[in-house]
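Data block below; observations after.
The values are calculated or read from the model by the stated rules, or taken from the named source; none is laboratory data. Keep in mind the model is a prediction, meaning the values are calculated, not measured. With ideal geometry, Cβ positions are generated from the backbone for all residues, glycine too; neighbour counts draw on all protein chains shown. The protein model used for the area step is the full one, side chains on, heavy atoms only, and it has no ligands, DNA or RNA in it. Shrake-Rupley method; radii C 1.70, N 1.55, O 1.52, S 1.80 Å.
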Amino acid sequence: NEGLASFDVTDPANAYSFQAGATAIVARRFFIDEPSDPNEAYTLYLAEDWKGVRIFEEATSDPGFLDAGVFLETADKAYDVQVRGGYAFVADDELGLTVLDVSDPELGDGPVAQLDSPGDAVAIALGEDHAYIAGSQHGLTVIDVSDPLAPTLSAQLGLGGECVDVVFFDGYALAIVRGLGLCVVDVSDPEAPVLESTLTCPGGNGLCVDDDGLVVVATDTDLRIFRYEPTL
């Protein structure tokens with residue numbers, strides 16, 4: 001309920017808090033747009049329950065702190081955000097996908113495109129030309145975003161449970177389904193996604209994958225670490 005907190009983890013055994021917060025009403029997930037030049041400021045996009053995306057910029061003169069930016073409105077509660085090519089793609093609760101123009105944002109700017117999807121949009125991942133939305137009880141939604149201003153529905157795939165998180169990696173959508181585990185969906189044909197395998201992982205609620213295929217799943221009680229293969 002207080003937004004974001006910053007920590008110095010350069011020495012993991014002695015991590016400490018900057019005791020600095022970035023204000024938000026109800027912070028959900030965030031996306032960091034990190035420039036190739038480490039001397040340039042990164043930009044952080046925070047999906048906020050208070051119907052919008054809040055944008056912060058790193059205070060380069062004061063590392064560990066964020067400068068307040070602007071707030072862009074969405075039609076419903078923003079649960080997750082991914083940014084690419086000057087657009088923010090938002091998992092917008094009951095309304096599905098919302099697209100915001102963040103190339104030159106101003107306070108109060110609203111959506112430039114929207115597409116409803118079944119279920120509650122709670123997480124989003126981006127592939128090459130498609131967005132993948134975790135749609136709660138309605139599984140995985142695949143949306144063509146090759147034209148960000150005119151998104152279109154490509155496919156809907158039920159996964160037999162509550163889909164709460166999704167990442168895209170190597171032509172696959174990896175999704176966490178509560179009560180089932182880690183589902184591996186082949187999305188090489190975005191209009192015909194195929195569930196290839198499910199890895200039991202009780203209580204999963206989030207995941208990430210690095211460039212080398214190391215998959216980390218957060219459960220209600222611990223972290224599970226897997227090495228990615230096309231058939232987990």
Review point. So what are the three principal axis dimensions of region 125-232 from its Cα atoms, in whole Å, longest to shortest?
Key: 41, 30, 22
**Study point:** Dipole in debye (nearest 20) - region 24-107, about Cα centre, beta carbon charges: Lys, Arg +1; Asp, Glu -1
**Key:** 260
**Study point:** Accessible surface of the chain, 1.4 Å probe, proportion on carbon and sulfur as whole %
**Key:** 48
Revision key, fill the gap. With +1 on the Cβ of every Lys and Arg and -1 on the Cβ of every Asp and Glu, the dipole magnitude of the chain about its Cα centre, in debye rounded to the nearest 20, is 740
Exercise for review: Please work out the Cα center distance from region 119-149 to region 30-107, rounded to the nearest Å.
Suggested key: 18
Point to revise | DSSP-loop GluC sites (Glu not before Pro) across region 37-95, with at most 16 other Cβ within 10 angstrom | key: Glu40, Glu94
Point to revise | If the convex hull is drawn through the Cα atoms of region 1-80, its volume per residue in Å³ | key: 100
Check your understanding: So how long is each side of region 16-149 along the principal axes, counting just the alpha-carbon atoms, biggest first, in Å?
Key -> 44, 29, 28
Review point. Once you have the alpha carbon radius of gyration of the chain, what is it after dividing by 2.2 N^0.38 Å, with N set to its residue count?
Key: 1.01
Practice item. Could you state the accessible area per residue of the chain in Å², with a 1.4 Å probe and every protein chain left in place? Key: 49
Exercise for review: Run the dipole for region 66-188 about the Cα centre, Lys and Arg Cβ at +1, Asp and Glu Cβ at -1, nothing else charged, and hand back the magnitude in debye, nearest 20.
Suggested key: 420
